[in-house]
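Take a look at the structure set out below.
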Amino acid sequence: MASSMTEGLVPITRASLARYYEKYPAPSLSEDIIRLTAELGSLSDNLLEELPLTPGVQFVAEETHRNPPHKVDENLWKNREHIEEILYLLDKFHLQRLKNATDKDADIDKRLKELQLPLQEALKALETFQSKNSDFVFNTVMTYMPQDFRGALIRQQRERSERNKQALVDALANSGGSIHDRYALLWNQQMERRRQLAQLGSAQGVYKTVVKYLVGVPQVLLDFIKQINDDQGPMEEQRQRYGPSLYSLTKMVLSIRFFLLLSSGGLEKIELQDQLSVVEKAVAVYTSELKKFIKFIRVVFENSPFFISAEDAGAAESRHSDDYKETVVPAGKTHEVTMTVESVNSYIAWDFSLTQGTLNRGQDIGFHVEYVNPSGGVTLILPYRRYESDQGNFSTILTGSYKLVWDNSYSTFLKKYLRYKVDAVPPVDPPEPVADSF
C-alpha cells in the first residue's frame, strides 16, 4: 500500500515549494506594529535611565537587542513564552496594587486585567495550532508507512516519547522552574522530535531495523523526512517568505513584555496611567495580528505538498534501496537462517520470493519458523506451507533462537532461486522519565 501511494514521487524540493507558496503571498500586517514597537522601546529606554538594571532585566534587555530566531517554529515557541511572561507580570501588578489600593489604582488594575483576556485567547490559538500541526505532520508521514507492525512500533514510540516529555515538563514546573526554563525545555524537546524524524529518515537506532532492513517503507518518504528541516532545505523557503512577518510580531510581544517588566520593578516611581494606553493599543494590535497570521499559516501548512511527481521536480531518476540477499536452494535441500532475540516482544520479520526463471516459473518453496530453546528443543511457531512469495512477522514471547527454514526437500530436480531479507526487530521501549531529574 505504501509503495503504490508514493510510486513515481520524490520529496518536495525548495524550488517546487517556492512555486506552491506563490499562491499564498505573505499577509500584510498592520503598520501599527512597527510604530508601537518603537514607541514601547522608547518608553523602556526612559525607564532604564531611572531604574537599576537587575540580572532579570539585563537578560531580557539583551534579548531585545538580538534578532528573533530564524526558524518559524522557534519563533512560535518564543511568542508563547513572551505571552506567558506578560500574563505573569499582569498578575504581579494586580497583587502589588492590592496592597495600597486607591481609586486611581483600581482603574489601572481594571485596565491591566482587561489585557489578559486577548492574550490568553492568543496563547490558546497558538498552542492549538502547534499541537494540530505536529499531529498533522506525523499522521501524514504515517500515511505513507506500511500499515503493519512497523507503523505500530513508530506510533508506540511517539506516544511513549510524548508522555515522557510531558512528565519532564510537569516535573520542572512542580520543582519551581521558571517560565523561561520551561520553554527552554520545550524547545529542546521540539529539537529532539526533529532528530527523531531525521533518525527515521536516515535509518538509525531502532529505526534502522524497522525501516532499512524491511520492505515496504518507500525511499521517497525516508528522503523527505531526512532533509525537510535542513538549513537550506524546503523549509528555508517558508522562512524566507513568512519569517519577516512573524519576526515583527516576536519583536512586538517582546517589547510589551520588556516595558511591563521594567514598570513592575518601579511602581512607586512610575506614573503608569499615562503610558498604559500605549500598552493597551500594542496588546490589541499584537493579539489580532498574531491570530491572523496563525490562521493564514495554518492554511498554508495544511495544503502544502510533501511529495511531487519526479517529472514535476525535474528528477526522472528514481532511487532504490535493495538490502535483499539471494541464494540457491538445491533440490532436496533446505536453507536456514537463525535469528537471536534478546528481548521479549521483539518482532521476527521476513520477506521473500522466488526469482522466476524459464524452468521454475510458477514453482514454490516450503517455509516455516521454529523456536529453538537452549537445550535444543524445537517448537513450531509458523506451520509449514509452500509459497511463491510471502511477507510476514510475529511478536516473540520468548528470548532465544528462532530458525526460519526454506524447504526444497520435496523437489527431485528443480533448484529454487530465493531472494529474501529477514530481521529481528527489538521492542521500542524508551526509558521512563526520572521524576526528580530537576
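Readers should treat all values here as calculations from the given coordinates under stated rules, not as data from a laboratory. Keep in mind it's a predicted model, so treat the numbers as computed, not measured. Reconstructed Cβ throughout: ideal geometry from the backbone, glycine too, with neighbour counts over all protein chains shown.
Give me the net charge for the shell around ASN133: Cβ to Cβ below 9 angstrom, other residues only, Lys and Arg +1, Asp and Glu -1.
Details: positive: LYS132, ARG298; negative: ASP73, ASP135, GLU302.
Residues close to ASN133 contribute a combined charge of -1.
What pairs in LYS251/LYS281; LYS132/LYS291; LYS78/LYS110 have C-alpha atoms more than 24 Å from each other?
Details: LYS251/LYS281 15 Å; LYS132/LYS291 15 Å; LYS78/LYS110 27 Å.
Check vs 24 Å cut-off fails for LYS78/LYS110.
Would you mind counting up the charge near GLU31? Only other residues with Cβ under 15 Å from its Cβ, with Lys and Arg at +1 and Asp and Glu at -1. Can you show the working numbers first?
Values: positive: ARG35, LYS251, LYS281, LYS292; negative: ASP32, GLU39, GLU289.
Neighbour charge sum, excluding GLU31 itself: +1.
Quick check: net charge around LYS403, other residues with Cβ under 9 Å of its Cβ, Lys/Arg +1 and Asp/Glu -1? Before the final figure, lay out each step's value.
Working: positive: none; negative: GLU336, GLU370.
Local charge sum for LYS403: -2.
Roughly speaking, what is the stretch gain from ASP135 to ARG111, that is 0.36 nm per residue apart minus the C-alpha to C-alpha distance, in nm to one decimal? Walk me through the intermediate numbers first.
Working: separation 24, 0.36 × 24 = 8.64 nm, distance 3.77 nm.
Full extension of this stretch gives 4.9 nm more.
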